[in-house]
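Here's the structure, in structure tokens; my notes come after.
The values are calculated or read from the model by the stated rules, or taken from the named source; none is laboratory data. Note that the structure is a prediction, hence the values are computed from the model and not measured. FYI the Cβ positions are ideal-geometry reconstructions off the backbone, even for glycines, and counts take in every protein chain you see.
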Amino acid sequence: MKEVIYKDLGRMAYRECWEQQLSLFDALLSSKRSDATAAERVAESMAGWLLFVEHNPVYTLGKNGKASNILFSEQMLERIGAEFFHIERGGDVTFHGPGQIVGYPILDLEKVGIGLREYIDALEQSVIDCLKLWGIEAGRIAGASGVWIEPESVRARKICAIGVRSSRYVTMHGFAFNVSTDLRYFSYINPCGFVDKGVTSMEAELGRKVDIEQVKTELINQLKEKLDVKIYK
């Protein structure tokens with residue numbers, strides 16, 4: 001069983017965290033080169049890192065995202081105190097902010113022993129099974145990534161967005177899981193490109209406060225099981 005190092009970065013601006021991700025991503029890619037030096041090689045037992053973070057308010061647009069799904073102006077961004085970045089992950093536009101567990105697994109999937117589709121399935125199932133512990137039923141929508149409440153209903157609403165970048169089976173970016181997120185920020189975009197579906201959070205579904213630290217702990221347990229890895233702090 002391969003090992004993953006876990007880091008909780010707390011509250012962090014998007015650019016600073018993005019740079020940390022890129023550094024770890026590049027380190028894993030470098031270690032896979034046939035001419036990698038001893039200093040560049042990552043221990044054989046290590047599959048990568050798992051970063052958890054809560055971002056300051058920020059919107060990100062994936063590489064194939066449509067600008068038409070952005071409903072804010074620069075002036076509006078300033079007024080609501082948010083930033084904007086166009087990045088290299090898959091997916092469309094989404095929001096990150098306080099009360100949201102943003103997970104960045106930077107993993108060598110060849111070491112984990114799964115492909116990219118299995119990996120995304122594992123992320124989604126980890127969130128689905130984590131939500132069950134709070135009595136929240138969730139599922140998937142065919143052809144749409146992420147985790148949804150009432151996925152077969154006209155009231156389908158996303159509780160966790162997923163957008164991943166991979167190169168040579170090394171991943172970065174990941175998921176954004178709404179625990180106590182201020183959902184008003186989503187009104188300035190068509191979240192993930194959808195105009196006919198809503199967004200929700202654990203607190204919105206339960207109508208009460210949720211301990212985000214407890215959710216992190218349970219989510220890590222689910223990720224260990226679904227990815228079949230050891231996760232160390």
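Overview of results
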read-out: Ile120, sole failed condition from (1) among the aliphatic types (A, V, I, L, M); (2) touching a helix residue (DSSP H, G or I) at 6+ places or on another chain (Cβ under 9 Å); (3) modelled with pLDDT of 95 or more; (4) under 22 Å from Cys17 (Cβ atoms); value: (2)
read-out: Meets criteria (more than 14 Å from the chain's Cα centre (by Cα) and within 30 Å of Glu74 (Cα to Cα)) for Ala138; value: no
read-out: Residue in segment 104-128 that is farthest from the chain's Cα centre (by Cα), counting only those that are crowded, with 23+ Cβ neighbours inside 10 Å and assigned to a strand (DSSP E or B); value: Leu107
read-out: Some residue of segment 81-95 being without any contact (Cβ under 8 Å) to a residue 24 or more places away in the chain, in contact with a helix residue (DSSP H, G or I) (Cβ under 9 Å, 6 or more places away or on another chain) and surrounded by fewer than 18 Cβ atoms within 10 Å (Cβ to Cβ); value: no
read-out: Some residue of segment 133-146 being out of contact with any Cys (no Cβ under 7 Å at 6 or more places or on another chain), assigned to a loop (DSSP other than H, G, I, E, B), of a type in the set (Val, Ile, Thr) and at pLDDT 95 or above; value: yes
read-out: Test: residue in segment 49-65 that is farther than 25 Å from Lys233 by Cβ, of a type in the set (A, V, I, L, M), modelled with pLDDT of 90 or more and in contact with a helix residue (DSSP H, G or I) (Cβ under 8 Å, 6 or more places away or on another chain); value: yes
read-out: Selection count where residues are in contact with a helix residue (DSSP H, G or I) (Cβ under 8 Å, 6 or more places away or on another chain) and assigned to a helix (DSSP H, G or I), scope segment 66-80; value: 3
read-out: Scope segment 87-102; condition under 19 Å from Glu203 (Cα atoms) and in a loop (DSSP other than H, G, I, E, B); matching residues; value: Gly97, Pro98, Gly99
